[in-house]
Structure formats: structure tokens, C-alpha cells
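Comments concern the structure below.
The values are calculated or read from the model by the stated rules, or taken from the named source; none is laboratory data. Since the model is a prediction, treat every value here as computed from it, not as a measurement. Using ideal geometry, Cβ is built from the backbone for each residue, glycine included, and neighbour counts are taken over all protein chains shown. We work out accessible area using only protein heavy atoms, side chains counted, and drop any ligands, DNA or RNA first. Shrake-Rupley method; radii C 1.70, N 1.55, O 1.52, S 1.80 Å.
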Amino acid sequence: MTCCGCGDNDQHDRENEHSSNSQEDFDLLPQEYDPKYGEPILYDRKFKGPLSRRSCTDIPCLIIFLAFLGAWGYIASYAFKNGDLDKLLKPTDSLNRKCGIDSSVTNEPYLFFFDLGKCIDPLVPITGCPTPQVCVRQCPSESFFYEQEKGKSFDELRRKLVCLPDVKLFTKNDIDAAIRNNQCASWYIPSKPFSNRCVPSTVSLNGNTAKAFKEFQQFSGTGDIPNIEEILNFDFEGFGQQVVEDINNSWFSIFLGLLAAMVASLIFIVLMRWIAAPILWFSILGALTALGVGIYYVTLQYVYWKANPIAPSHSFNVSSKFRSLLQDSTTWLVIDIVLAVVFLVIFLMVVFLRKRIVIAIALVKEGSKAVSSMFSTVFFPILPWALYILAIGFAVATGLFLLSIGSPHFKVYRTSNFTSEVCACSGPGQEYNTMLATCDPTIFRQNCVIQGTSSPCVSTGCFFDQIVHPPLVNYFMAYNVVGFIWIAFFISALGDMVLAGVFATWYWSIHKSDVPYFVLTRSLFRTIFFHVGTLAFGSLILTICRVIRLILEYIDAKLKKYDNAFTRAILCCMKCFFWCLESFLKFMNKNAYIMCAIHGKNFCSSAGDAFNLLMRNFLRVIALDKVTDFLFFLSKLFLTAIAGAVTYFYVQSYPENVTVNFIAVPVTIVVIGTFLITTVFFGVYSMAVDTLFLCFLEDIERNDGSEEKPYLMSKSLKRILNKRNVIPKNQYR
């Protein structure tokens, strides 16, 4: 057997190795093994790296996984067959009439809310909101405040009023009573359709409007005025329009920034094959410098706004709130403290890990060689991402259709706090003197009157609340959530094992130039044909842990109203424990996939072999593997900071005729995009390093550098780790 990565004779290697390593470096990676975790892997002359002859692993789990997917497919077909998205997407008024669809409201496609302050919730299309809602022909194009306009004629008032169906208005006294009982909207503002629902346009709260609110509050006795002011002050359109304008005006800069980030990541990976040490040290210093500059700039802002305070804005306008936040010295102080803590932590880690960083750089360089030699691996994450998108689309579509299955549920809402009427129904004999009682709209309209009279209820109504799902549908929705979590972990595991097979093939090749063609494709098909069960097993373990965490979050949300300190402490400890457990399982699963890619064993055997191998070399794990993760993080941080800074100064240099309302919009998009791009590229890089690290640990256990058992690690790794092969020069690559 020959060795790779050695180009000089044994004596020359020995001289270079001893001259380039101190005894301290050698002591940093001791070779003693803890017998508690088994004996070192024995030499096997037949071992040539990842096995080509394999058998299927974890077949029972594969069967369970396929059965689970089959059941998930059945649930999806049931949802698509019985669900109706119109129940969720099409607006429904208080009488459960679909605006623009039902025969009685065919020409009224838009939904109008009496009090939008009760409807600021993204789940309103599903859960509804406790305010009267009616279908209208068009959304209001002007403002209306009854207290300001009640002096006008009956015809003019009637034209402007928006009322519930079947409200009888013959005189101004009828209008006054309908307003009091909230059968007609007492106010509204200019609105525009959004998803066939009337949402406010850009308006401002002027003095007359504020006066009208005070008069209205005295008149009706309601306590909803703060919600009304929030609605009027909140710029629904303005902020969104400004953000869209900023994207339109700076789209080319955003595109160039993201393109430059991708090119920089590729160049970064290629250059690290030859100058890994300078680039990584430059990244470390660059990240510290960027943090230092950020601390300096934020400190200047803090000092300035501390000396020149501005009264905070109480407006609910997003733009005003954002500007007010940036003009608050406390904001800059918090940012300054966070940046200072991050800078100090990174600086101390660099100081105390500087010697381990030198050793880890050699492993990073090996990862760069592997990635550069098989450059197609850089673009492999496109496949898992495409599978992620398909899984998300399937799960979301199934969930929406399931949510639409069920019957409408109605509750009693008091439309006015001005009266204390008791609404009694002659049919069921139930008194509706409390809110949220279940009701039937037909029975309510026909049989319910004010107690002691024959008059229909006016301040109490039976309105649509939400869709009530059958118990089976609730179970199906929970199944859909679990299915998405499992398939997401499975896709991640598939990507890890395919890349592990590629990089392990590269490491165990005696001559790196002899790596087989289409090694990525071979690894993909090998994983799919033999190890889907193993992937399903590992991802199932993580799924169980994640589901437990979700259950704990649900319990925590339910128990918050009891304000029990002991319960909160117990739940906090449990959530922390399962978070740590999930992180540990992710680490072990990745290493189990690597061992399975190399040896073709089942999940339990691969996980046990990986755990024992890592524990026998625990200090090496700390000294190499975890430090490389730290280096990758700093590299991503450096590239992201550079992209954000360049975008910031480039956008600032725009000519005067190009306006950007919020410079943070393009900068934020570029920063987030750059971090995602670098995460994709360095994710491949990280998998390469993790795979080569396990191969390296196995290499030093299998082999001893003798002529019969030479190390297969590269020359640079042998040098930095004080290893050498005793092999004639002509057998080196």
C-alpha cells in the first residue's frame, strides 16, 4: 500500500517535521487511548475506504418511514378532497356569508370591519375577530365619524352608514340607536382592499378627529378608543410602499452585493487550498476589526444622542417609530454593549486557542483541497434546498386544506357596552347575558328577544367565530406537523451522508488524483439505494426530541396565565435540557452518517463506532473539530460584515435623483443574503472537515506510518501532527 501527500524521502520528511513542530504541539494531541471506549481500530490490509459492496441498513425503520409517508400522503389526499380554501381565503361576514360568492352578497366582494382595533392579528382569517363584519360593494374612500356628522340630513347620513343586514332605519333616531347598539359603524377611515378585506389607507390623526373620539367615548361609554387611535396612526401603506420603493431603487446594488458574496465565497474556498493560514488569520483579525469599528461608530452615536436627546415619538407609524428608535441613546447603548461582549468573547477565544487554531488550520486546508478537487460538491446543496422547498409547500398546502375542514362556529358578542339588556331565546330557553356563548344565527334571529319584551335583541348578536374541526382533523394536523419535522431532518441527513461519502472517498484514496469520476453521483445513489433506513432512523430520533420541545412550548404557553414561578422554572429547565439533548443528537447523528458512509453499517453501530472513536480522542475533538467550527463562523461573520459595509457606503453614494428612504433595507437584505450564501458554501466545507477529521482519527488508529501500514493523511497533516511514513521516495504521490 502506498501513501498520499508525501513528496520527499523519509529523512527529509523527518527533518521537516521535527523542525516545524514544537514538543508543545505534540503534547497538545496526546496519543493515549481510554480503554473505557474500546480498543483502537485494528489494521486491515483489505480496507480501501468507503465500501463499494454494501447491504441495506435499518430495514425496519425504512419500512416504518415508507408507511409514515404513505399515511401522510393519504392525509394530504383527504385534505385536498374535503377541504375548501375559500373558507380561509375568502372573507366571511358575521353571518357566515362568503363575500362575493354567496347569492345574497354576490355584488359585495369586500369585507368591512366595524372596529379594526380588534382585528390586528395574522390569524384573523382563521379565528375571526370579535367585531361586527359585513360584506360591502366597495371599501370606504373617505372618513366618517358620526359625532362630527350627526347634524347632517337623514339621507346623507344613511348614504354614508355601513350597517349590519336587516337593520331598519327610518329616522335619525333610528340611526342614533343603531350607532349606540353598534349595529352600524360609528366611524371608518379611507380603506383599500387587501385580500378582499378593507384595510386603512394612509391617514393622520388630526385635531378634529381626536375631538370626535372624545365625544364618541362620552357618547357610547366604550373603552375602545385607544385601538381606534392606533389604527389611525398606524401607516399601513406608507411604510410598505417606502420599503418597496427602496428595493426598486436599489435592486441592482442588492443583486451585485449578493453576486459578489457568492463569488467571494467561491474564491475564499479556492484560495484556502494554498494560503489557508493567512486567509483564516486575516478573517479573524478582520472580524475583530469590523467589531471594533462598529463599537466605535455606535459609541459616537450614543454620545451624540445622549447629549442631544429628542422626545420619543408616540405615533404608531412604523417609519416614525423606527426613526425614534434610532434617535434614542438607550438603543445605541444596548447595541454597544452587545458588540463589546461579542468582541471580548471572540478576542479571548483567539488568545487562548491560538495554538489549537494553528493545528486546526491544517485540517481546514485539507477540507479546502477536498472541496476544490471535487468542486461539484459546492453546488450540491441546491438539491437539498429544492427538496426543502417541496416539503414546505406540501406541508403548508396540506395544513391549510385541513384547517378549512369543519363546520362554522358562532358565538354571542355584545355589540355595545352602553346597555345591559338580557337576550333570551324562546326555543332553547337560554339567556344570552354573557359573552362568548355558543349560538345558532338562524335560531337567534328568529327566537331571541330582549328579556321581558317582544323586541329583537339589538346590542347582542350571534356572529361567526371560527371553523370547528372534527377530532380526526385535529389529529391529522398534528400528524402533518410531525411529518414535516421528520422529512426536514431526513433531507438534512441525506445531504450530510452524500457529502460524507464523497469526502471519505477522497481521503482514503492513495493518490488523490485517482478519485473516481462522478464520485458525487455515486455517493448519492449509494446512499439512496442502501441507507435510507439509516437516515430515517437518525432523523426520527431528532424528530421525537423536537416534538417534545414543541409540547413543552405549548404547555408553557398554557400555564403562563397561572403565573407560577415554580412551574416556569421546571419548564425552563426541561426546555434547556431538551435543547442541549437535540444539539448533542445532531452532533452524534452527523458523525454516525459519516461512519455509515465509510463502513456501510446500520445507524446504531455507526453511532457507537463514531462515539467511541471521538471519546478515545476527546482532546483531539476539542483541539481540532470544534476550533474549525469557530474559524468558519468568523469567516462567515467577516464576509457578511464586509458585504454589509460595502453596500452601506455604495448606497450612500447614490446621486440625488435616486432616493432611498431607509438605507437599512438594502443593507439588511444583502447582509441576510450573504450570511445564507456563506452558510451554504461553508456548510459543505464544514461537512468536509468533519468527515476528514473522523477519517484522520481512524487513520492514526489503523496505521502507524510503517512500510506496511502507512498513514494516508496528507503531508501537511503529518507535519503539523508530527507523523511520518517510512516508505521509499518513489512510492510517494
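So how much accessible area does Phe603 have, in Å² to the nearest 10, using a 1.4 Å probe?
10 Å²
Over the range 552-707, average the accessible area per residue using a 1.4 Å probe and give it in Å², no decimals.
Value for the range 552-707: 44 Å² per residue.
Could you sort Lys718, Lys81, Lys192 by their accessible area in this structure, using a 1.4 Å probe and putting the largest first?
Lys81, Lys192, Lys718
Report the FRET efficiency, 1/(1 + (r/R0)^6), for Val449 and Val244, where r is their Cβ-Cβ distance and R0 is 51 Å, rounded to 0.05.
Taking R0 as 51 Å, the efficiency between Val449 and Val244 is 0.45.
Please name which of Phe380, Leu402, Val341 has its Cα lying farthest along the dipole of the range 340-418 towards the positive end, using unit charges on Cβ (Lys, Arg +1; Asp, Glu -1) and the Cα centre as origin.
Value: Val341.
Given axes a ≥ b ≥ c from the Cα gyration tensor, I'd like to know whether the range 527-631 is rounded (a/c under 1.5), prolate (a/b larger than b/c) or oblate.
Oblate.
Given a 1.4 Å probe and the protein chains all in place, what does the accessible area of Cys61 round to, in Å² to the nearest 10?
We get 20 Å² for Cys61.
Taking Cα centroids, how far is the range 259-281 from the range 82-112 in Å?
Their Cα centres are 56 Å away from one another.
Name the shape class, rounded, prolate or oblate, that the alpha-carbon gyration tensor gives for the range 245-300, where a ≥ b ≥ c are the square roots of its eigenvalues, rounded holds for a/c under 1.5, and otherwise prolate holds if a/b is larger than b/c and oblate otherwise.
Oblate, because a/c is 1.5 or more while a/b does not exceed b/c.
Taking the alpha-carbon centroid of each part, what is the distance from the range 631-681 to the range 340-367 in angstrom?
25 Å
Using the beta-carbon distance between Leu390 and Phe529 and R0 = 22 Å, what value does 1/(1 + (r/R0)^6) give for FRET efficiency, to the nearest 0.05?
For Leu390 and Phe529, the calculated efficiency is 0.55.
So for Val334, Val519, what's the accessible-area order with a 1.4 Å probe, most first?
Correct descending sequence by accessible area is Val334, Val519.
First measure r as the distance between the Cβ atoms of Phe518 and Tyr304, then evaluate 1/(1 + (r/R0)^6) with R0 = 45 Å and state the FRET efficiency to the nearest 0.05.
Rounded to the nearest 0.05, the efficiency is 0.15.
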